[in-house]
């Protein structure tokens with residue numbers, strides 16, 4: 001009986017947290033811990049740290065199969081990503097050994113040739129960020145971000161990512 005009550009408390013707390021805009025980050029792309037989704041009442045801008053749901057595409061499906069994306073509440077059953085917007089519509093992205101936006105190199109943007117399991121990583125070829133899209137980045141070298149999947153529709157942004165109780169190892 002006690003185990004059943006504990007299970008209901010945990011499930012209820014998780015449901016309340018999700019509906020209240022709270023998420024737990026267990027990936028090394030950003031500090032581990034409790035985060036909050038804060039409404040974004042303006043167009044996204046470079047420098048915004050956001051929660052975003054990736055669209056359902058073959059690239060997303062491959063990322064899910066390889067374990068780059070975790071299970072979650074976004075369409076396709078993936079978890080929202082926490083990433084920094086580094087380019088918006090109209091900006092030019094160059095991908096080489098690292099990423100440059102409008103000719104300026106992005107720090108900590110070196111590309112990985114292979115993932116942690118030795119599988120080849122295919123970078124996005126680069127180009128102009130389409131209308132109503134954003135190019136995302138994380139300074140974590142192993143991060144799966146726009147370096148590999150390209151710009152995402154800004155309509156997938158759930159809001160700004162705000163740290164509540166986090167730990168950066």
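The values are calculated or read from the model by the stated rules, or taken from the named source; none is laboratory data. Not measured: the values here are computed from a predicted model. Glycine gets a Cβ as well: all are built from the backbone with ideal geometry, and neighbour counts include every protein chain shown.
Tell me, yes or no, whether the range 39-52 has at least one residue that is closer than 24 Å to residue 120 by Cα and touching a strand residue (DSSP E or B) at 6+ places or on another chain (Cβ under 8 Å).
We begin by selecting, within the range 39-52, every residue closer than 24 Å to residue 120 by Cα; these are none.
Within the range 39-52 (the criterion being closer than 24 Å to residue 120 by Cα and touching a strand residue (DSSP E or B) at 6+ places or on another chain (Cβ under 8 Å)), the answer is no, since none of the residues qualifies.
Here is a list: 28, 75, 44. Which entry is in contact with a helix residue (DSSP H, G or I) (Cβ under 6 Å, 6 or more places away or on another chain) and in contact (Cβ under 8 Å) with a residue 12 or more places away in the chain? Please lay out each step first, then the result.
Values: 28 fails: in contact with a helix residue (DSSP H, G or I) (Cβ under 6 Å, 6 or more places away or on another chain); 75 fails: in contact with a helix residue (DSSP H, G or I) (Cβ under 6 Å, 6 or more places away or on another chain).
None of the others qualify; the one that does is 44.
Out of 141, 105, 119, report the one residue that is out of contact with any strand residue (DSSP E or B) (no Cβ under 9 Å at 6 or more places or on another chain), modelled with pLDDT of 95 or more and either farther than 19 Å from residue 29 by Cβ or surrounded by fewer than 18 Cβ atoms within 10 Å (Cβ to Cβ) (or both). Walk me through how you get there before you give the answer.
Details: 141 fails: modelled with pLDDT of 95 or more; 105 fails: out of contact with any strand residue (DSSP E or B) (no Cβ under 9 Å at 6 or more places or on another chain).
Of the residues listed, the single one that is out of contact with any strand residue (DSSP E or B) (no Cβ under 9 Å at 6 or more places or on another chain), modelled with pLDDT of 95 or more and either farther than 19 Å from residue 29 by Cβ or surrounded by fewer than 18 Cβ atoms within 10 Å (Cβ to Cβ) (or both) is 119.
Go through (1) in contact with a strand residue (DSSP E or B) (Cβ under 8 Å, 6 or more places away or on another chain); (2) more than 25 Å from residue 32 (Cβ to Cβ); (3) at pLDDT below 95 one by one and return the number of the condition residue 92 breaks.
(3)
Filter the range 60-74 for residues that are within 14 Å of the chain's Cα centre (by Cα) and surrounded by 14 or more Cβ atoms within 10 Å (Cβ to Cβ); which is nearest to residue 116 (Cα to Cα)?
68
Residue 85 versus (1) at pLDDT 95 or above; (2) not in a strand (DSSP E or B): which is the lone unmet condition?
Tallying (1) at pLDDT 95 or above; (2) not in a strand (DSSP E or B), residue 85 fails exactly one: (2).
Output the residue which, of all residues in the range 41-52 that are outside any strand (DSSP E or B) and within 21 Å of residue 166 (Cα to Cα), is nearest to the chain's Cα centre (by Cα). Walk me through how you get there before you give the answer.
The first filter runs over the range 41-52 and keeps only residues outside any strand (DSSP E or B), leaving 41-48.
Checking the rest, the ones that are also within 21 Å of residue 166 (Cα to Cα) come to 47-48.
Numbers: 47: 14, 48: 12 Å.
By that ranking, first place goes to 48.
Give the range 78-102 a look and list any residue that's touching a residue at least 24 places away in the same chain (Cβ under 8 Å) and either over 29 Å from residue 24 (Cα atoms) or exposed (fewer than 13 other Cβ atoms within 10 Å of the Cβ) (or both), or say none.
Hits for the range 78-102 are 89, 90, 91, 92, 93, 94, 95, 101.
Which one of the conditions (1) over 14 Å from the mean Cα position of the chain (by Cα); (2) assigned to a strand (DSSP E or B); (3) within 14 Å of residue 152 (Cβ to Cβ) does residue 130 fail to meet, given that it meets all the rest?
(2)
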